[in-house]
Amino acid sequence: MKFFVDTADLDEIREAASWGALSGVTTNPSLYAKTGGKLADFEPHMVEICRICEGLPVSAESTAETTDDMIAEGRRLASLAPNIVVKLPVCTEALAATHQLASEGVRVNMTLVFSAPQALLAARAGARYISPFVGRFDDIGDDGLAQLQTIVAAVKNYTYGYWDEEGGPEIITASVRTPNHVTQAALMGADIATVPFGALKKCVRHPLTDQGLASFAADWAKVTG
Ligand code: E4P
């Protein structure tokens with residue numbers, strides 16, 4: 001299981017990268033809007049994330065609505081840095097754009113995936129990454145992890161002829177809210193979890209670790225007087 005951080009906040013990305021366990025970054029228009037950035041700053045912001053995370057995949061989402069515009073925006077985003085991954089929402093226009101971009105060697109992360117057929121079509125069109133959402137299912141009273149399990153099992157049944165040499169297509173567990181989402185995704189064999197920074201910090205902590213540290217410190221104080 002690889003860990004991506006799901007944020008566009010540069011401080012969060014810098015800190016997550018400093019831990020030495022980060023394998024990538026995902027952003028989306030909402031996460032970028034949260035930074036307070038404006039349109040003119042968007043591309044420089046993505047370039048800065050790519051610089052901080054040199055060599056790691058950084059997903060930058062296209063907001064285009066037609067296949068031609070997605071292809072054009074995808075090419076432009078991909079030209080910003082070698083580690084850019086173009087994020088496209090699953091729909092017929094984006095499948096066609098993914099097919100074209102993949103044939104040009106551009107990596108696409110197909111996002112907003114909520115069903116196995118969507119994921120299978122994304123893989124077949126040439127997506128390098130497929131992002132099924134977990135938390136948003138839970139938000140509407142459904143079982144996001146059960147949905148993820150179905151998608152992982154269906155996608156892993158086949159090979160697709162794209163990105164084989166890189167081990168793709170990889171499944172990014174998205175819309176992660178809790179450490180348990182990460183645990184269960186790993187047990188299912190999802191390749192990646194993209195985790196918001198707050199939830200990522202929770203993944204590092206455990207109350208028994210805190211308790212153990214406190215008792216070691218107290219006992220060591222007896223030793224050192
Ligand atoms: C995926 O890459 C998305 O950016 C993200 O995981 C969406 O999560 P949310 O449901 O918390 O908005």
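Please work out if F42 is within 19 Å of the chain's Cα centre (by Cα), open to solvent by 60 Å² or more (accessible area, probe 1.4 Å) and without any contact (Cβ under 8 Å) to a residue 40 or more places away in the chain. If you could, list the steps in order and put the result at the bottom.
Details: within 19 Å of the chain's Cα centre (by Cα): yes; open to solvent by 60 Å² or more (accessible area, probe 1.4 Å): no; without any contact (Cβ under 8 Å) to a residue 40 or more places away in the chain: yes.
Here the answer is no, as F42 does not meet what is asked.
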(message) Between a residue in the stretch 18-31 that is assigned to a helix (DSSP H, G or I) and any residue that is surrounded by 12 or more Cβ atoms within 10 Å (Cβ to Cβ) and charged (D, E, K, R), which pairs come within a Cβ distance under 9 Å, given they are 6 or more apart or on different chains?
(response) P29/E61; L31/D6; L31/D9; L31/E61
(message) Would you confirm whether or not the stretch 136-146 contains a residue that is under 30 Å from T66 (Cβ atoms), within 12 Å of the ligand (Cβ to nearest atom) and not charged (D, E, K, R)?
(response) yes
(message) Taking the condition of being more than 12 Å from the ligand (Cβ to nearest atom) and without any contact (Cβ under 8 Å) to a residue 24 or more places away in the chain, how many residues in the stretch 183-203 meet it?
(response) 3
(message) Would you confirm whether or not the stretch 64-85 contains a residue that is surrounded by fewer than 21 Cβ atoms within 10 Å (Cβ to Cβ), within 15 Å of the ligand (Cβ to nearest atom) and within 13 Å of the chain's Cα centre (by Cα)?
(response) no
(message) Can you tell me how many residues within the stretch 126-158 are of a type outside the set (K, R), closer than 15 Å to A174 by Cα and open to solvent by 10 Å² or more (accessible area, probe 1.4 Å)?
(response) 11
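Condition check: modelled with pLDDT under 95 and under 17 Å from the mean Cα position of the chain (by Cα). Does G198 satisfy that? Talk me through it step by step, then tell me what you get.
Values: modelled with pLDDT under 95: no; under 17 Å from the mean Cα position of the chain (by Cα): yes.
Considered against the rule, which asks whether it is modelled with pLDDT under 95 and under 17 Å from the mean Cα position of the chain (by Cα), G198 comes out as no.
The values are calculated or read from the model by the stated rules, or taken from the named source; none is laboratory data. Because the structure is predicted, anything quoted here is derived from the model rather than measured. Positions of Cβ are generated from backbone atoms using ideal geometry, with glycine treated the same way; all protein chains shown enter the neighbour counts. SASA here: full protein model, heavy atoms, side chains in, ligands and nucleic acids out. Shrake-Rupley method; radii C 1.70, N 1.55, O 1.52, S 1.80 Å.
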